[in-house]
Structures are given as structure tokens and as C-alpha cells.
Amino acid sequence: MKIVAVTACPTGIAHTYMAADVLKKAAAKLGVSIKVETQGAMGVENVLTPVDIVSADLVIIASDIEIEDKNRFLGINSKQFPIETILTDVEGILKKYLF
């Protein structure tokens, strides 16, 4: 299984990176590969490539704002969640949509 994710929050500081961190930890715990793009105060980091996106079993968008370049996920299995949901129930979300 492979996931790609984008995290972003209104200020682009704490929650963007906290969500990325919990996604990475939960994926590792569940034995799932993940790459997380952050769209924060430092700009876009760890950019998802077209190959990353099309080879993913699931795209997770963890954001309370409109993310940059969202149209690249059209036609791809993607789910969007508020940052708070990712921070409080990331394992439940991954289990629900992957297994």
C-alpha cells in the first residue's frame, strides 16, 4: 500500500507539520508507504510528483484551506479531512480507507 498526502493550515506553521508527522508515524506503524507534501509558511516542501500521485492507492488532503494545485488529484482516489481529524484519529482514517 502507498499513500501520498498534502497537509496545509491557515497559518502554515504548527498544524501543517504536526499533521505530516502523525501521518508518517501512523503509516509506519501500519506498514504503509507514505510521502507527505507540506504547504506551509516555508512554501511547498517535499513536492509530490505525478508518478507519486498516480502510483498511490490513496491521496489524503489534510487541510482547512484550499491547497495549491489541487487539480492534479482529479480522477485519483483522494479524501479530504480537516487537520483536527487527522491529528485526533489518523490511524482510524488509514484503517478505514486502506484495509
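Rolling a 1.4 Å probe over the protein heavy atoms gives region 1-96 an accessible area of 51 Å² per residue.
May I ask you to derive the relative contact order of the chain, considering only C-alpha pairs under 8 Å and at least 6 residues apart, and to give it as an integer percent? Answer for the chain is 34 percent. Enumerate the residues in region 67-82 having an amide nitrogen under 15 Å from the point lying 7 Å beyond the Cα of D52 toward its Cβ. Only 68-73 fall inside the zone, counting backbone N under 15 Å. Dipole magnitude for the chain: about 380 debye, using +1 per Lys or Arg Cβ and -1 per Asp or Glu Cβ, origin at the Cα centre. For G40, the residues whose modelled amide H falls within less than 5 Å of its own, excluding neighbours fewer than 5 places apart on the same chain, are E45.
Modelled label positions at D89 and K29, each set 7 Å beyond Cα in the direction of Cβ, lie 1.5 nm from each other.
Computing the accessible area with a 1.4 Å probe over protein heavy atoms, can you report the carbon and sulfur percentage for region 1-96? With neighbouring chains kept in place, the figure for region 1-96 is 56 percent. Annotation: amide H-H contacts under 5 Å for C9 (H modelled 1.01 Å from N, sequence separation of 5 or more, or interchain): T16.
The values are calculated or read from the model by the stated rules, or taken from the named source; none is laboratory data. Not measured: the values here are computed from a predicted model. So basically every Cβ, Gly included, is an ideal-geometry build from the backbone, and we count neighbours across all protein chains shown. Ligands, DNA and RNA are excluded from the accessible area calculation, which covers all protein heavy atoms including side chains. Shrake-Rupley method; radii C 1.70, N 1.55, O 1.52, S 1.80 Å.
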